[in-house]
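S.K.: Handing you this structure, nothing more for now.
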Amino acid sequence: MIDSQKNIALGSIEEVVVEEGLIVLNKNHDHRSPILIEHEIDHTYIQFHFCLRGEVQFGFNNGAYQFPIQSDTSLLLYNPQRELPIRATLQPHSWLVSILISIKKFHGLFSQEANQILFLNDENKEKKYYKDRPLSPMMAVVLSQISKKQIHSSVESLYLKGKVFELMSLYFNRNEEANVEQCPFLTDEDNVRRIRNAKDIMISRMSEPPSLQDLADEIGLSLKKLKEGFKQVYGNSVYGFLFDYKMEMARKMLSSGNLNVNEVGLRVGYSTASHFITAFKKKYNTTPKKYLMSLTS
């Protein structure tokens, strides 16, 4: 338990009060030893914690209960019945960004859609709610921009407020998983197996992917069924899925720091750096170089 780790040093975390009811916390921990971060927060706040790198372990009830989150994972905490002070151990080379929003302000953001947010609906609004989920690539980029803000202090609050709202829109804009009852194609296990095989083929050959017709022939489906089935199973077109996959792989390779921009581009199938840069910017609205700078500055 955290309380038993007496040798863990107590660290500090950057705090920016954007406005009343909205706080941004940021800690990029690059040292070789774990540190303990503590921050008091009352029960009127919803906590969003985002681990961009490494591992962070949250402790509750004086260390009796612990909740670890890994790299590229988020943790939402809300308990209107009791205080949830932040007590988190950051492992070496970890990066944590936290957004604390008062329930009053949060309701204001979703006043018309509150019932669509699970823990805001009438049945659950007085109950505790904990939820961990993976970060999307777009969320990771916005979090990096929040953490590595390079703007004049006079517009810092405005910038952070806009980025937090952008982050919230990305966090809650999750497509519902396909409803099998509404998709007859998905009730055929053989069809689903063939579509999953198509996905695996595209990933394994992402540097030189086959044409749609060649892919359809290889998995034994008509071109029409390939297109329709892939959309139903994965919520995207074949090449749209491949593009998103390649960009996510590229982002993770860049974040690792082991490869330069040209090398990453070649790994995900772009023969020229300019084509890779254009694709990356189309996906994340920033260049690979600027993304790298946001991680190291």
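The values are calculated or read from the model by the stated rules, or taken from the named source; none is laboratory data. In this text, all values refer to a predicted model and were calculated from it rather than measured experimentally. Positions of Cβ are generated from backbone atoms using ideal geometry, with glycine treated the same way; all protein chains shown enter the neighbour counts.
S.K.: Would it be correct to say that residue 164 is at pLDDT below 85 and either in the same structural domain as residue 20 (by TED's automatic domain parsing) or in a helix (DSSP H, G or I) (or both)?
M.R.: No: the conditions fail for residue 164.
S.K.: In the range 35-53, which residues are part of a loop (DSSP other than H, G, I, E, B) and either in contact with a Ser or Thr (Cβ under 6 Å, 6 or more places away or on another chain) or surrounded by 16 or more Cβ atoms within 10 Å (Cβ to Cβ) (or both)?
M.R.: Matches in the range 35-53: 41, 44.
S.K.: State whether the residues of the range 4-22 include one that is polar (S, T, N, Q) and within 17 Å of the chain's Cα centre (by Cα).
M.R.: no
S.K.: I've got another one for you. Go through the range 5-43 and give me each residue that's touching a helix residue (DSSP H, G or I) at 6+ places or on another chain (Cβ under 9 Å) and of a type in the set (S, T, N, Q).
M.R.: Across the range 5-43, the qualifying residues are 26, 28.
S.K.: Let me ask another. Among the residues of the range 83-111, write down those that are surrounded by fewer than 16 Cβ atoms within 10 Å (Cβ to Cβ) and touching an Asp or Glu at 6+ places or on another chain (Cβ under 7 Å).
M.R.: 83, 85, 93, listed by residue number.
S.K.: A further question follows. Filter the range 71-112 down to residues that are charged (D, E, K, R), part of a loop (DSSP other than H, G, I, E, B) and modelled with pLDDT of 85 or more, then give me how many there are.
M.R.: Qualifying residue count for the region: 1.
S.K.: What's the number of the only condition in (1) within 25 Å of residue 32 (Cα to Cα); (2) at pLDDT below 75; (3) within 18 Å of the chain's Cα centre (by Cα) that residue 176 fails to meet?
M.R.: In the conditions (1) within 25 Å of residue 32 (Cα to Cα); (2) at pLDDT below 75; (3) within 18 Å of the chain's Cα centre (by Cα), residue 176 misses (1) alone.
S.K.: All but one of (1) buried (at least 18 other Cβ atoms within 10 Å of the Cβ); (2) over 23 Å from the mean Cα position of the chain (by Cα) hold for residue 80, so report the exception by its number.
M.R.: It is condition (1) that residue 80 fails.
S.K.: What number of residues in the range 124-154 are more than 26 Å from residue 249 (Cα to Cα), surrounded by 15 or more Cβ atoms within 10 Å (Cβ to Cβ) and modelled with pLDDT under 80?
M.R.: Total meeting the criteria: 2.
S.K.: Next question, about the same structure. Exactly one condition in (1) assigned to a loop (DSSP other than H, G, I, E, B); (2) under 30 Å from residue 93 (Cα atoms) is false for residue 210; which is it?
M.R.: With respect to (1) assigned to a loop (DSSP other than H, G, I, E, B); (2) under 30 Å from residue 93 (Cα atoms), residue 210 is out only on (2).
S.K.: Looking at the range 54-63, is at least one residue part of a loop (DSSP other than H, G, I, E, B), free of Cβ contacts under 8 Å to residues at least 40 places away in the same chain and either surrounded by fewer than 21 Cβ atoms within 10 Å (Cβ to Cβ) or not hydroxyl-bearing (Ser, Thr, Tyr) (or both)?
M.R.: yes
S.K.: Got a number for residues in the range 55-95 being touching a Cys at 6+ places or on another chain (Cβ under 6 Å) and among the aliphatic types (A, V, I, L, M)?
M.R.: Result for the range 55-95: 1.
S.K.: Continuing with this model, one more query. Conditions first: (1) at pLDDT 90 or above; (2) within 27 Å of residue 279 (Cα to Cα). Residue 196 passes all but one, so which condition is the exception?
M.R.: (1)
S.K.: Those residues that are of a type outside the set (S, T, N, Q) and surrounded by 18 or more Cβ atoms within 10 Å (Cβ to Cβ), I need them from the range 249-276; list them, please.
M.R.: Result: 250, 251, 253, 254, 261, 264, 265, 268, 269, 270, 276.
S.K.: Let me ask another. May I ask you to verify whether residue 255 is of a type in the set (Gly, Ala, Ser) and part of a loop (DSSP other than H, G, I, E, B)?
M.R.: Considered against the rule, which asks whether it is of a type in the set (Gly, Ala, Ser) and part of a loop (DSSP other than H, G, I, E, B), residue 255 comes out as no.
S.K.: How about the range 253-282: which of its residues are in contact (Cβ under 8 Å) with a residue 60 or more places away in the chain and either hydroxyl-bearing (Ser, Thr, Tyr) or closer than 14 Å to residue 138 by Cα (or both)?
M.R.: The one that is in contact (Cβ under 8 Å) with a residue 60 or more places away in the chain and either hydroxyl-bearing (Ser, Thr, Tyr) or closer than 14 Å to residue 138 by Cα (or both): 255.
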